[in-house]
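Below is one structure, written out as structure tokens; the observations come after it.
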């Protein structure tokens, strides 16, 4: 959890979404949605530019206690996706608006059953 007084001016926002069921198009639709539509929506609503920098699939390994590790290899399936975005020079008010817009956007997409919004910042003195 991040406290309001510790909001970074620049950093990363990480959006993870889990699919509402499984259909072959969920991966591609979610990738396109998070690549262009979400950043455009946030830019239009609150003026914050989200720059996509990394996309990942979230996979779940289906494994039962009686399965050997070797048997479970290749049985993973994609259950969601994650996008990382860079943002810069955002004041407290803009940060709060950005978070609310991302949250609202994710909650209204019918192919997603759950989502997480996380923020990351550089560790002081290490990256300086």
TODO: Report the extension gain between residue 118 and residue 41 in nm, rounded to one decimal, defined as 0.36 nm multiplied by the number of residues separating them, less their alpha carbon distance.
DONE: 25.9 nm
- [ ] May I ask for the Rg/Rh ratio of the stretch 1-54, computed from Cα atoms with Rh as the Kirkwood radius, given to two decimals?
- [x] 1.05
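No lab work stands behind these numbers, since they all come straight from the coordinates. Just so it is clear, the structure is predicted and the values come from calculations on it, not from any experiment.
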